[in-house]
Amino acid sequence: MPEFSLDLNEEQRDLRDWVHGFAGDVVRPAAAEWDTREETPWPIIQEAAKIGLYGFEFLANCWADPSGLSLCLANEELFWGDAGIGMAIFGTSLAVAAIYASGTPDQMLEWVPQCFGDAADPKVAAFCTTEPEAGSDVGSMKTRARYDEATDEWVLNGQKAYATNGGIADVHVVTASVDPELGSRGQAAFVVPPGTPGLNGSKKLKKLGLRASHTADVFLDDVRVPGRCLLGGKDVLDARLAKAREGRKAQGQAAMRTFELSRPAVGAQALGVARAAYEYALDYAKSRVQFGRPIIENQAIAFALADMKMEIDAARLLVWRAAWMGRNNRPFEAGEGSMSKLKAGEVAVAVTEKAVQILGGAGFLREHPVERWYRDAKIYTIFEGTSEIQRLVVSRAISGIYVR
Ligand SMILES: Cc1cc2nc3c(=O)[nH]c(=O)nc-3n(C[C@H](O)[C@H](O)[C@H](O)COP(=O)(O)OP(=O)(O)OC[C@H]3O[C@@H](n4cnc5c(N)ncnc54)[C@H](O)[C@@H]3O)c2cc1C
């Protein structure tokens, strides 16, 4: 049994510093421009692909870290650079994670490389699950998947909402209901290959933050995909549906576990945004002089900064704990995955708001990046499960009561 330690090992430190370098040299200087343009920053995705930061090998190396921390470290650093560009680069990993979680080894080999393309011609992927009438309430999904036995094809019909990279992706991973009576246990995930007729994206949605990242609705109109596009395969699905019809709960819990596992990485993104704002505000408070002294000499400002630092560090400990637990198959008995994302998201909102306050009028201007960080931070109490939904998960886990 190794001694308890929170020290990062050499590999983790190298990874963190390498991603930080890219975030500082390439991402941050470009952040304001892509935020204003509200376009996918393809040249930066390509840069990331060239240095090996965008691609399956990178993700697989992160996942291989037995402590679970590498993906969190990479996310925190990249999103410290910029959350919009960060999401343009890491949005693909949502689809890849879905293929990895539910796909067979053959499906991984076939689809994952297509999610990324290559450095000469990078591609992005989309994970489409939210619908206009099914956001937090994933079980009420209306998109249907029907199996056409004659052609061994699945036929998808429905509408997805707010999909990151929706419509511009090469590979779309789409969740759909196969048996609506079973709610979320009657759902499955399908790969929609590049260029499949019937899948169309809306134009890019205009957003408060994360503006470099493409978000769109996706329409599925008699989309036919080969039988092999059902992630996990038909035998596994049939067995799962049979179990669910018998009323056994195993699969519902498994789906929840997948979410719990991805949440620490999203929490780490929020930490990156919070840390950027805290560092900027700290520097500003040391140099801005009012009443003949730097504003940091006032307790009101210094204590605010102390609280910001403390909250960021507290959130990081929750994020690291959940990442370690997930990687080491520890049961999330108190919804620790949700807890980590909940705390980090709320800290990002609070810390960026404080940073704007510490900059005063300057904080309200686009000249300083805290204005953008303040807008970007808000997404972290909304996507990958809103703060309210995280509290539901935690309260149900700790009480055993079906809290509503
Ligand atoms: C920029 C962006 C990117 C996104 N990317 C993707 C993506 O790639 N793929 C994807 O599938 N989705 C994506 N989403 C969708 C996102 O996950 C959903 O917006 C989110 O899950 C919330 O769903 P909703 O918007 O329908 O809100 P609703 O579910 O309508 O919630 C509205 C409000 O009601 C509250 N609420 C709902 N139910 C309860 C309850 N039982 N108890 C207490 N409060 C409740 C919510 O917390 C929220 O405050 C993205 C969204 C955005 C904005």
Exercise. Is it the case that the range 225-243 has a residue that's within 30 Å of residue 376 (Cα to Cα) and of a type in the set (A, V, I, L, M, F, W, C)?
Worked result: no
Problem set entry | Residue satisfying condition, being among the small types (Gly, Ala, Ser) and closer than 27 Å to residue 183 by Cα, within set 125, 83, 88, 120 | 125
Exercise. What single numbered condition from (1) within 16 Å of the ligand (Cβ to nearest atom); (2) of a type in the set (Lys, Arg); (3) free of Cβ contacts under 8 Å to residues at least 60 places away in the same chain fails to hold for residue 341?
Worked result: (3)
For this session: Scan the range 225-234 and give yes if some residue there is under 18 Å from the mean Cα position of the chain (by Cα) and either loosely packed, with under 14 Cβ neighbours inside 10 Å or not basic (Lys, Arg) (or both), otherwise no.
Result: no
Seminar exercise, completed: Cβ pairs under 8 Å, 6+ apart or interchain, first in the range 282-302 and on the phi > 0 side of the Ramachandran plot, second buried (at least 17 other Cβ atoms within 10 Å of the Cβ) and at pLDDT 95 or above, ordered by first then second residue, are none
Seminar exercise, completed: Note: among 57, 131, 47, just one is free of Cβ contacts under 8 Å to residues at least 40 places away in the same chain, assigned by TED's automatic domain parsing to the domain that holds residue 209, among the acidic types (Asp, Glu) and out of contact with any His (no Cβ under 6 Å at 6 or more places or on another chain), namely 131
Exercise. Failed condition for residue 187, given (1) within 15 Å of the ligand (Cβ to nearest atom); (2) of a type outside the set (A, V, I, L, M); (3) under 30 Å from residue 36 (Cβ atoms), with all others met?
Worked result: (3)
For this session: State whether one or more residues within the range 370-387 are in the same structural domain as residue 272 (by TED's automatic domain parsing), away from the ligand (no atom under 16 Å from the Cβ) and part of a helix (DSSP H, G or I).
Result: yes
Problem set entry | Exclusive hit being under 19 Å from residue 67 (Cβ atoms) and not β-branched (Val, Ile, Thr), set 335, 326 | 326
Exercise. Under 7 Å by Cβ, and 6 or more places apart or on different chains, what pairs join a residue from the range 134-150 that is touching a residue at least 60 places away in the same chain (Cβ under 8 Å) with one that is within 16 Å of the ligand (Cβ to nearest atom) and assigned to a loop (DSSP other than H, G, I, E, B)?
Worked result: 136/386
For this session: Kindly indicate whether residue 95 is touching a Phe, Trp or Tyr at 6+ places or on another chain (Cβ under 7 Å), in a helix (DSSP H, G or I) and not charged (D, E, K, R).
Result: yes
Problem set entry | Selection count where residues are over 18 Å from residue 371 (Cβ atoms), among the polar types (S, T, N, Q) and either within 9 Å of the ligand (Cβ to nearest atom) or outside the structural domain of residue 190 (by TED's automatic domain parsing) (or both), scope the range 202-226 | 1
Exercise. Looking at (1) in contact with a strand residue (DSSP E or B) (Cβ under 6 Å, 6 or more places away or on another chain); (2) under 16 Å from residue 347 (Cβ atoms); (3) not aromatic (Phe, Trp, Tyr), which is the one condition that is false for residue 279?
Worked result: (1)
Exercise. For the range 41-59, how many residues meet the condition of being closer than 17 Å to residue 97 by Cα and touching a helix residue (DSSP H, G or I) at 6+ places or on another chain (Cβ under 9 Å)?
Worked result: 6
For this session: May I ask you to verify whether residue 45 is buried (at least 21 other Cβ atoms within 10 Å of the Cβ) and farther than 22 Å from residue 371 by Cβ?
Result: yes
Exercise. Would the range 307-325 turn up any residue that is in contact with a Cys (Cβ under 8 Å, 6 or more places away or on another chain) and among the aliphatic types (A, V, I, L, M)?
Worked result: yes
For this session: Taking residue 59 as the residue in question, decide whether it is at pLDDT below 95 and surrounded by 20 or more Cβ atoms within 10 Å (Cβ to Cβ).
Result: yes
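Each row is one residue, and each column tells you yes or no for (1) out of contact with any helix residue (DSSP H, G or I) (no Cβ under 6 Å at 6 or more places or on another chain); (2) more than 16 Å from the ligand (Cβ to nearest atom).
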residue: 21; (1), (2): yes, yes
residue: 32; (1), (2): yes, yes
residue: 39; (1), (2): yes, no
residue: 72; (1), (2): no, yes
residue: 76; (1), (2): no, yes
residue: 83; (1), (2): no, no
residue: 98; (1), (2): yes, no
residue: 124; (1), (2): no, no
Exercise. Which one of these does residue 52 not meet: (1) assigned to a helix (DSSP H, G or I); (2) of a type outside the set (S, T, N, Q); (3) more than 23 Å from residue 380 (Cα to Cα)?
Worked result: (1)
Exercise. Pick from 205, 182: which is of a type outside the set (Ser, Thr, Tyr) and modelled with pLDDT under 95?
Worked result: 182
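The values are calculated or read from the model by the stated rules, or taken from the named source; none is laboratory data. Because the structure is predicted, anything quoted here is derived from the model rather than measured. When we count neighbours, we look across all protein chains shown, and the Cβ atoms used for this are built from the backbone with ideal geometry, even at glycine.
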